[in-house]
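Please read the structure below before turning to the comments.
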Amino acid sequence: MKKIEHLGIAVTDLQSSIGVFEKLLNTTCYKMEEVISEGVRTAFFKVGESKIELLEATNPESPIAKFLAKQGGGIHHIAFEVEDIESEMERLTALDFVLIQQSPKDGADNKRIAFLHPKSTNGMLVELCQEKN
Ligand code: ZN
């Protein structure tokens, strides 16, 4: 794992949360992107080496809609940047971590991503991500 690439934060109202985070971080949102397969609309902020990803559900079946219904807003996942996502997935599977998907998929912000199931991380949803080149 190279670094914390971003923290994913679930929000009920993306526009209003962008305003809050722009004031909080004293910077502007540099990218908004919808990931249709995930049912989310995202907004990104840079904080030094790391990023904040705000996530809003675009439909009631979205994992973000379910998270908000169950836990309210807040930190939804931690994303670690990895050099080679396939080999990291293999390494973690061998250590009995449970992957939500068996092969990497396309995520927001030009990344290939995979999630570890929270049941194998004592409750934290963990994303692995690798920059596409
Ligand atoms: Zn993420």
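FYI, it's all coordinate maths here, none of it is from the lab. Note that the coordinates shown come from a computational prediction; the quantities given were computed from them, not determined experimentally. When we count neighbours, we look across all protein chains shown, and the Cβ atoms used for this are built from the backbone with ideal geometry, even at glycine.
The table below lists the values:
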| quantity | calculated |
| --- | --- |
| Residue check for Ile64: in contact with a Phe, Trp or Tyr (Cβ under 6 Å, 6 or more places away or on another chain) and surrounded by 12 or more Cβ atoms within 10 Å (Cβ to Cβ) | no |
| The range 72-119, residues that are of a type in the set (A, V, I, L, M, F, W, C), assigned to a loop (DSSP other than H, G, I, E, B) and either touching a strand residue (DSSP E or B) at 6+ places or on another chain (Cβ under 6 Å) or surrounded by 12 or more Cβ atoms within 10 Å (Cβ to Cβ) (or both) | Val82, Phe97, Val98, Ile100, Ala108 |
| Among residues of the range 3-16, those that are within 15 Å of the ligand (Cβ to nearest atom) and either assigned to a loop (DSSP other than H, G, I, E, B) or surrounded by 13 or more Cβ atoms within 10 Å (Cβ to Cβ) (or both), counted | 9 |
| Of all residues in the range 120-133 being within 14 Å of the chain's Cα centre (by Cα) and in a loop (DSSP other than H, G, I, E, B), the one that is farthest from Glu90 (Cα to Cα) | Met124 |
| Residue in the range 82-90 that is in contact (Cβ under 8 Å) with a residue 60 or more places away in the chain and in contact with a Ser or Thr (Cβ under 7 Å, 6 or more places away or on another chain) present | no |
| Some residue of the range 45-59 being part of a loop (DSSP other than H, G, I, E, B), under 14 Å from Glu127 (Cβ atoms) and in contact with a strand residue (DSSP E or B) (Cβ under 6 Å, 6 or more places away or on another chain) | no |
